[in-house]
Amino acid sequence: MLPSPAARRIAVVVKGYPRLSETFIAQEILALEQRGLDLEIWSLRHPTERAVHPMHKAIRARVTYLPEYLYEEPLRVLRGAFWSLGQKGFGATIKAFWRDLKRDFTANRVRRLGQAFVMARELPAEVRHLHVHYLHTPASVVRYAALLTGRTWTFSAHAKDIWTTPDWEKREKMAEARWGVTCTAQGTAHLQSLARPEQVSLVYHGLHLSRFPSPPESRPARDGSDPLDPVRIVSVGRAVAKKGYGDLIQALAALPPDLHWRFAHVGGGELLGSLKKQAEQAGIASKVAFLGSKAQPDIIGLLQVADLFVLPSKEAKSGDRDGLPNVIMEAASQGLAIVATDFAGIPEFIRSGTEGELVPPSDWEALSNALNLLARDPERRKALGSAAFARLRRDFSMEGGIDVLEERLRAVSDNTQKEAERV
C-alpha cells in the first residue's frame, strides 16, 4: 500500500545517536524540524555517553536503533532477512553486497547487510526518502535498504568518511544517491572528482548563534607574568590521532619557564591515557587537566573564562582528518583567540593573522611559538577573537546551510512521492 499524498516523512540515518562530538548533526535535525520537516532518526549504534546536549532534548523525532551487532538481536535480523527475500530489490541488493564483499572481505560488510535487512523491513510506509550522515558505514546500510525497498537516498559527507573510504566505494554510492553535500571546500572538490560535479555541493554546518551566549564583554589582560593568575588555554576534541594532541603536549612542554599557563582539555577518546602519560613524562602534568566529556553548557562556560583556544589537527596515519571542526566556530562564538593548524577545512574559516594564528600541521615548535606569543599579548588576543566572532556572524551562520538542505530535502521528498503515486 502506497503512503498517502500527505506523507513526507524522511528518515535521517546516523552512526550513533546522541553523540556529543556530533552536535552539528543534532543542530541540523532540530533546525529542519523547526522548519516543519517530518523526520525520524535511525541509528546504527546506541549512545555511549551519559551527557547529552540540550539540542538532543529538544528534538522530537522518534529514534530507532538498529542491531549494533547482529548476534545481539538474532530474531530481529532473521525476520528482516526473510522479509527481504521476498522483495523485488533483493537480487540487486545481494549483487551490490557481493561486489563490496569481494573488495573488502570483512565481518563489518556482513553487519551492514544485516542492519539493512532490519531497516528495510521496519521502515514505515510513509517514509519514502532516506538521508544519511557519513558516506562510509551508514551509507552502506542506507544503500542496501534503498535497493531493497525502492526508496531514494541522499547523503551528508563530513571528514573521516571522505578520506578513509576507498574511491571505488564512494563512486558507486554517489552514482546511486540523488545528491550529496559536504562541509569543506577540500572535501567537496575531492568528491566532485569522483562523481558528476553538480551532484555534490558545499554546505557549511555553520553555527546557530541564538543557542550561544554573547561573548564576554571583556577578558582579564593575562599575559603569563603572574604565577597566581596564569594564562588559560583550552581545547575541545576527541583524543584521537587526527586531533594532534601529542603535538600539543610537546608544544606546551616547550613553553618558556617564565610564562605561567594552565591547559584544560575536554573530550573522551582512545588516546587519553597516553596523553596523560606524555604530560607526566614532560613534567607538565600539574599544569594540564583532562576533564573528559562535558555537556555543551559546561564547554561554553569553559570557553568564556579561557584566554586561548587551540586545536592542532593533522592527518592521521589511517588517512583520517578533520573537516571544519565545529569547536573552532564555538570558540569564535565566545570571541576567543584561536591557534590551530593550516589544515583541512580550518583555513576556510580562520585566516592566519586575521581571525587567528595558523601553524603547519605536526609542527610542535611552530605551535609552541604561536602559543607563547599570543599568551603574552592580551590585546592581540582580543583583536583576533573579535575578528573571528565577526566572521562567524557574517559568513558562517547556520541559516544559509539549512536553507539549502530544507529546499533540497523538500524537493526530493516531493519528487519521490510523485514517483510512488505513478507506480
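The values are calculated or read from the model by the stated rules, or taken from the named source; none is laboratory data. Given the structure is predicted, the values throughout are model-derived calculations rather than measurements. For neighbour counting, all protein chains shown are included, and Cβ atoms are generated from backbone atoms with ideal geometry for every residue, glycine included.
It is to be established whether one or more residues within segment 209-217 are farther than 22 Å from Ala388 by Cβ and surrounded by fewer than 19 Cβ atoms within 10 Å (Cβ to Cβ).
no
Go through (1) in a loop (DSSP other than H, G, I, E, B); (2) in contact with a Ser or Thr (Cβ under 9 Å, 6 or more places away or on another chain); (3) under 25 Å from Gly401 (Cα atoms); (4) at pLDDT below 95 one by one and return the number of the condition Arg50 breaks.
For Arg50, the failing item is (3).
For segment 114-208, which fully contained strands (runs of 3 or more DSSP E) count at least 2 residues that are within 23 Å of the chain's Cα centre (by Cα) and of a type in the set (Val, Ile, Thr)?
Ranges flagged: 180-182.
Could you figure out which of (1) part of a strand (DSSP E or B); (2) out of contact with any Lys or Arg (no Cβ under 8 Å at 6 or more places or on another chain) isn't true of Ile41?
In the conditions (1) part of a strand (DSSP E or B); (2) out of contact with any Lys or Arg (no Cβ under 8 Å at 6 or more places or on another chain), Ile41 misses (2) alone.
So, in segment 231-260, of the ones that are part of a loop (DSSP other than H, G, I, E, B) and among the aliphatic types (A, V, I, L, M), which residue ends up farthest from the chain's Cα centre (by Cα)?
Leu259
Somewhere in segment 323-346, is a residue part of a helix (DSSP H, G or I), β-branched (Val, Ile, Thr) and free of Cβ contacts under 8 Å to residues at least 24 places away in the same chain?
yes
Quick check on segment 155-173: of everything there that is of a type outside the set (Lys, Arg) and touching a helix residue (DSSP H, G or I) at 6+ places or on another chain (Cβ under 6 Å), which residue is modelled with the highest pLDDT?
Here the answer is Phe155.
Can you tell me which residue among Ala96, Ala58, Ala92 is touching a residue at least 40 places away in the same chain (Cβ under 8 Å), out of contact with any Phe, Trp or Tyr (no Cβ under 9 Å at 6 or more places or on another chain), surrounded by fewer than 20 Cβ atoms within 10 Å (Cβ to Cβ) and among the small types (Gly, Ala, Ser)?
Ala92
For segment 271-301, which positions are assigned to a loop (DSSP other than H, G, I, E, B), farther than 26 Å from Met55 by Cβ and either in contact with a Lys or Arg (Cβ under 9 Å, 6 or more places away or on another chain) or at pLDDT below 95 (or both)?
Leu271
From the list Lys314, Lys276, Lys294, exactly one residue is touching a helix residue (DSSP H, G or I) at 6+ places or on another chain (Cβ under 8 Å), outside the structural domain of Lys160 (by TED's automatic domain parsing), of a type in the set (D, E, K, R) and under 22 Å from Ala370 (Cβ atoms). Which is it?
Testing whether each residue is touching a helix residue (DSSP H, G or I) at 6+ places or on another chain (Cβ under 8 Å), outside the structural domain of Lys160 (by TED's automatic domain parsing), of a type in the set (D, E, K, R) and under 22 Å from Ala370 (Cβ atoms) leaves just Lys314.
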